[in-house]
Amino acid sequence: MKKVFLGFTALALIVTACSKDEISEQEITQQQIIKENGEKTGESRMCHSDYNLKKQLEENPELANKLATIESKTKRFIDSKRPGNGNGNGNGGGDTDEPATDFPVVNIPVYIHVIYNTNQENISDAQINSQIAVLNEDFRMTNSDANQIPSEFTDNAADTQINFTLAGVTRTFSTRTSWGTRDDMKKSSQGGVDPIDPANYLNIWVCNIGGGILGYAQFPGGSAATDGVVVGPQYFGSTGYLTAPFDGGRTTTHEVGHYLNLRHIWGDGRCRQDDFVVDTPSSDRANYGCPAYPTTHCKSTDMTMNYMDYVDDTCMYMFSNGQKLRMRAVLEAGGARESLAN
Ligand code: ARG
Ligand code: ZN
Ligand code: CA
């Protein structure tokens, strides 16, 4: 009972983070800048993965229990990996270190579903391959910009030991010009493409979402029929039909982070609201653009260069050891995404 209650508390944090009054002044400024560029509204840049989760929770009350179970398993797994384990620190929001833990390299096979209206949206194989390459660089910490991590955080940076291989590509023309965030692109009944074996494959739909939304993901625990990640074609990969400053393939890195159970590093709320990762320092807001180092909120340096912040693609270049443990927890035996890993 207690576990379930904690789970609900955690969910409340995620869900309430989408309400407008949580948007700080800095974010509003950024929204205006983005709007002025004619590019995208800040509101739509925020919260689509979280919004999607909220909608699923409303439609399926059982999901809350499922997510609570995943959280308690994750906490147990992380505690077991700590030296002198069981220090009860698994939900800390503070600025402490997490050990670098060695795991076998796992491989996740990926299906890409390109759904296009214009020829440009029918992105090339080269663009698709560039995205797989970026995922592998970022998750294996072979990204060339890892050398920009400030010394304060170098010990926290993780090779997640997760690898991705392209299993196949589907290409589908549609008369529809934008798809929204209600998962229509994942349903053949709606003119989309059904996921292929989502228990064993990461499915990524590449289609125009609309409303300036870069991408969104389904967290572990959701319905198999809609499981996977959606990314707009001009934010997918690092070569081809792309729009700066989201032209480095990091939107997919960020969304796959959500898909493997990562929250935004500021915990989608105030200082005490948590991303359930101890080595991502507490913050009370998203950062945008390319923030100066150090950027300080909640009395600690924000890890703005983390893939789970909202900065530009060239300004994000690390996962932390604690985030690695959360992702590895869902891929472990008994984890919600166990069958993906091989
Ligand atoms: N706003 C999106 C999300 O929260 C993706 C952000 C990706 N950021 C980037 N620099 N590509 O799910
Ligand atoms: Zn996100
Ligand atoms: Ca944290």
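The values are calculated or read from the model by the stated rules, or taken from the named source; none is laboratory data. Remember, predicted model here, so these are calculated numbers, not experimental data. All Cβ positions, even for glycine, are placed from backbone atoms using ideal geometry, and neighbour counts span all protein chains on display.
Which number in (1) surrounded by 15 or more Cβ atoms within 10 Å (Cβ to Cβ); (2) assigned to a loop (DSSP other than H, G, I, E, B); (3) out of contact with any Gly (no Cβ under 9 Å at 6 or more places or on another chain); (4) modelled with pLDDT under 85 marks the one condition that residue 15 misses?
(2)
Taking the condition of being within 14 Å of ligand 3 (Cβ to nearest atom) and assigned to a helix (DSSP H, G or I), how many residues in segment 317-334 meet it?
6
For residue 271, work out the one condition from (1) out of contact with any His (no Cβ under 7 Å at 6 or more places or on another chain); (2) within 14 Å of ligand 1 (Cβ to nearest atom) it doesn't fulfil.
If we test residue 271 against (1) out of contact with any His (no Cβ under 7 Å at 6 or more places or on another chain); (2) within 14 Å of ligand 1 (Cβ to nearest atom), just (2) comes out false.
Against the definition (in contact (Cβ under 8 Å) with a residue 12 or more places away in the chain, touching a Ser or Thr at 6+ places or on another chain (Cβ under 9 Å) and farther than 30 Å from residue 120 by Cα), how does residue 278 come out, yes or no?
yes
Does any residue of segment 184-195 turn out to be part of a loop (DSSP other than H, G, I, E, B), under 13 Å from residue 255 (Cβ atoms) and more than 16 Å from ligand 3 (Cβ to nearest atom)?
Within segment 184-195 (the criterion being part of a loop (DSSP other than H, G, I, E, B), under 13 Å from residue 255 (Cβ atoms) and more than 16 Å from ligand 3 (Cβ to nearest atom)), the answer is no, since none of the residues qualifies.
Can you name every residue in segment 229-270 that is within 11 Å of ligand 2 (Cβ to nearest atom) and at positive phi?
Correct list: 268 only.
Kindly list the number of the only condition in (1) away from ligand 2 (no atom under 16 Å from the Cβ); (2) buried (at least 23 other Cβ atoms within 10 Å of the Cβ); (3) within 30 Å of residue 126 (Cα to Cα) that fails for residue 309.
(1)
So which residues in segment 156-174 are in a loop (DSSP other than H, G, I, E, B) and more than 21 Å from residue 105 (Cβ to Cβ)?
Residue satisfying the conditions is 174 alone.
Confirm whether residue 163 is closer than 23 Å to residue 340 by Cβ, in contact with a Leu (Cβ under 7 Å, 6 or more places away or on another chain), away from ligand 2 (no atom under 16 Å from the Cβ) and not aliphatic (A, V, I, L, M).
no
Within the group 280, 296, 304, 314, which residue is away from ligand 3 (no atom under 13 Å from the Cβ) and crowded, with 23+ Cβ neighbours inside 10 Å?
304
Can you spot a residue in segment 284-292 that is among the polar types (S, T, N, Q) and surrounded by fewer than 24 Cβ atoms within 10 Å (Cβ to Cβ)?
No, that holds for no residue.
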